[in-house]
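J.: Can you keep this structure in mind? I'll have questions shortly.
The values are calculated or read from the model by the stated rules, or taken from the named source; none is laboratory data. The structure displayed is predicted, hence computed values, not measured ones. Don't worry about glycine lacking a Cβ; one is built from the backbone with ideal geometry, like all the others, and counts go over all protein chains shown. Accessible surface areas use protein heavy atoms only, side chains included; no ligands, DNA or RNA. Shrake-Rupley method; radii C 1.70, N 1.55, O 1.52, S 1.80 Å.
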Amino acid sequence: MRYIRWFSEITKDDVRIAGGKGANLGEMFRAGFPIPLGFVITSNAYFECLDKTGIKVKIADILSKLDINDPKKLEEASRRIQEIIKGVKMPSVISKEIVEAYDKLTKELGREPLVAVRSSATAEDLPKASFAGQQATFLNVKRDQLIEAVKACWASLFTARAIFY
């Protein structure tokens, strides 16, 4: 799979594709801690979605014209970018792989799971800024809600606070 990594496949060396939380979940899973079965949607899925849909250029255009010191404009840019991401049709090659991983998880568990969709930052916190708690988390997500929850999580990378940092 190109856009998915199972916890069993992830190590601390995978922060670039799995983020800090994802890499740590992989380490704990591999060490035998009681971590439920699960998978990470890699950063490659996010970046390819932005590229293949053409929204990367739209986002860059909005950000390039933004005065981050103007709270009204910052909020408006955040809202517009989040709407763009939530409104895009995720490329089928990406969404198909995400749903297939969910279906595999369902088969492994013997029931349809309720999953958490949350961010796992691939960038380090800055000395004067922390990314902790800035992105959305969606709990109890079912198969038919999965892709929309992933897009909403990606969109939350562009809250006004996150853009400002």
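J.: Of the conditions (1) surrounded by 19 or more Cβ atoms within 10 Å (Cβ to Cβ); (2) free of Cβ contacts under 8 Å to residues at least 12 places away in the same chain, residue 17 fails just one. Which one is it?
T.: Here residue 17 clears every test but (2).
J.: Return a yes/no flag: does the range 138-148 have any residue that is touching a strand residue (DSSP E or B) at 6+ places or on another chain (Cβ under 9 Å), open to solvent by less than 100 Å² (accessible area, probe 1.4 Å), under 28 Å from residue 37 (Cα atoms) and modelled with pLDDT under 95.
T.: Within the range 138-148, not a single residue is touching a strand residue (DSSP E or B) at 6+ places or on another chain (Cβ under 9 Å), open to solvent by less than 100 Å² (accessible area, probe 1.4 Å), under 28 Å from residue 37 (Cα atoms) and modelled with pLDDT under 95.
J.: Taking residue 162 as meeting all but one of (1) modelled with pLDDT of 95 or more; (2) open to solvent by less than 50 Å² (accessible area, probe 1.4 Å); (3) part of a helix (DSSP H, G or I), write down the number of the exception.
T.: Answer for residue 162: the failing condition is (1).
J.: Now a separate question. Is at least one residue of the range 86-109 more than 16 Å from residue 155 (Cα to Cα), of a type in the set (Lys, Arg) and outside any helix (DSSP H, G or I)?
T.: No, the conditions are met nowhere in the range 86-109.
J.: Follow-up question, since we're still on this one. Answer with yes or no whether residue 102 is touching a strand residue (DSSP E or B) at 6+ places or on another chain (Cβ under 9 Å) and either surrounded by 12 or more Cβ atoms within 10 Å (Cβ to Cβ) or at pLDDT below 95 (or both). Please lay out each step first, then the result.
T.: Working: touching a strand residue (DSSP E or B) at 6+ places or on another chain (Cβ under 9 Å): yes; either surrounded by 12 or more Cβ atoms within 10 Å (Cβ to Cβ) or at pLDDT below 95 (or both): yes.
For residue 102, the condition - touching a strand residue (DSSP E or B) at 6+ places or on another chain (Cβ under 9 Å) and either surrounded by 12 or more Cβ atoms within 10 Å (Cβ to Cβ) or at pLDDT below 95 (or both) - is met.
J.: If you check 156, 130, which single one turns out to be modelled with pLDDT under 95 and buried (at least 19 other Cβ atoms within 10 Å of the Cβ)?
T.: Working: 130 fails: buried (at least 19 other Cβ atoms within 10 Å of the Cβ).
Result of the check over 156, 130: 156.
J.: Within the range 1-32, take every residue that is of a type in the set (Lys, Arg) and not in a helix (DSSP H, G or I) and give me the one that is farthest from residue 94 (Cα to Cα). Break it down into steps so the answer makes sense when it comes.
T.: Taking the range 1-32 and keeping what is of a type in the set (Lys, Arg), we get 2, 5, 12, 16, 21, 30.
Those still in the list that are not in a helix (DSSP H, G or I) too: 2, 5.
Values: 2: 9, 5: 13 Å.
Out of the qualifying residues, it is 5.
J.: Next up: Output the residues belonging to the range 53-85 that are more than 19 Å from residue 152 (Cβ to Cβ), open to solvent by 100 Å² or more (accessible area, probe 1.4 Å) and in a helix (DSSP H, G or I).
T.: If the condition is that a residue be more than 19 Å from residue 152 (Cβ to Cβ), open to solvent by 100 Å² or more (accessible area, probe 1.4 Å) and in a helix (DSSP H, G or I), then 57, 72, 73 are the ones that fit.
J.: For the range 33-46: of the residues being open to solvent by 60 Å² or more (accessible area, probe 1.4 Å) and farther than 23 Å from residue 94 by Cβ, which is nearest to the chain's Cα centre (by Cα)? Quick ask: steps written out before the conclusion?
T.: To start, the set of residues in the range 33-46 that are open to solvent by 60 Å² or more (accessible area, probe 1.4 Å) comprises 33-34, 36-37.
Remaining after also requiring farther than 23 Å from residue 94 by Cβ: 33-34, 36.
Details: 33: 24, 34: 23, 36: 19 Å.
The qualifying residue nearest to the chain's Cα centre (by Cα) is 36.
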